[in-house]
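The values are calculated or read from the model by the stated rules, or taken from the named source; none is laboratory data. This is a predicted model, so every value here is computed, not measured. Positions of Cβ are generated from backbone atoms using ideal geometry, with glycine treated the same way; all protein chains shown enter the neighbour counts. Accessible surface areas use protein heavy atoms only, side chains included; no ligands, DNA or RNA. Shrake-Rupley method; radii C 1.70, N 1.55, O 1.52, S 1.80 Å.
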Amino acid sequence: LLAAPDNRDTLGARDRAILETLYSTGVRVSELVELNCNDLDFTGQTLHIRGKGKKERIVPLGSHAMAAIRHYMTLLEPDPRFRSLRDLAMSDSPVPLFVNKNAGRLSSRSVRRKLDKYLKMVDLDSTISPHTLRHSFATHLLDNGADLRSVQELLGHQSLSTTQIYTH
């Protein structure tokens, strides 16, 4: 699934970066689409997330997701379709990290449509959702020895009981 998008095209590279980021960080789709370029810390390899209830957290970004985002941004910069983003960056306005073909902020619904497209392409279960990637992230952490409190923080859960759902 993560390798399904065509990485040679700007929008394909964006889609791969989205899938890698969802799986690597466990962020909610709503949090992903609200990301701005300045929320990305290349040096620290982290993302600044604004979650539910205006709660903020910092999440580590895996090396595959980091590489995918770098590649996407490398293709985005010279692409004439996204010239307006360069103007936006010069104006002190927030620049969305993940954009649609018109250089606007991507919607949660669009992310779902992209995921559905790639699920079909690689013949995976169509009931898989972006939230499934969040569950996979948490489950894989727990399966590999992470403690529940750490997973709670990474997911941005207020209650430990919400995180405990992932232990089943």
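Points to keep in mind about this one:
Residue by residue, here is whether (1) closer than 18 Å to ARG28 by Cα; (2) not acidic (Asp, Glu) holds:
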| site | (1), (2) |
| --- | --- |
| LYS117 | no, yes |
| LYS120 | no, yes |
| ASP125 | no, no |
| HIS140 | yes, yes |
| ALA146 | no, yes |
| GLU153 | yes, no |
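- Condition met for ALA68 (over 20 Å from the mean Cα position of the chain (by Cα) and in contact (Cβ under 8 Å) with a residue 24 or more places away in the chain): no
For (1) assigned to a helix (DSSP H, G or I); (2) within 28 Å of ARG81 (Cβ to Cβ); (3) over 11 Å from the mean Cα position of the chain (by Cα), each residue gets a yes or a no:
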site: LEU1; (1), (2), (3): no, yes, yes
site: ILE18; (1), (2), (3): yes, yes, no
site: HIS48; (1), (2), (3): no, yes, yes
site: GLY53; (1), (2), (3): yes, no, yes
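- Inter-residue pairs, beta-carbon under 7 Å, first closer than 14 Å to SER24 by Cβ and in segment 35-54, second hydroxyl-bearing (Ser, Thr, Tyr) and open to solvent by less than 20 Å² (accessible area, probe 1.4 Å), 6+ apart: LEU47/THR25
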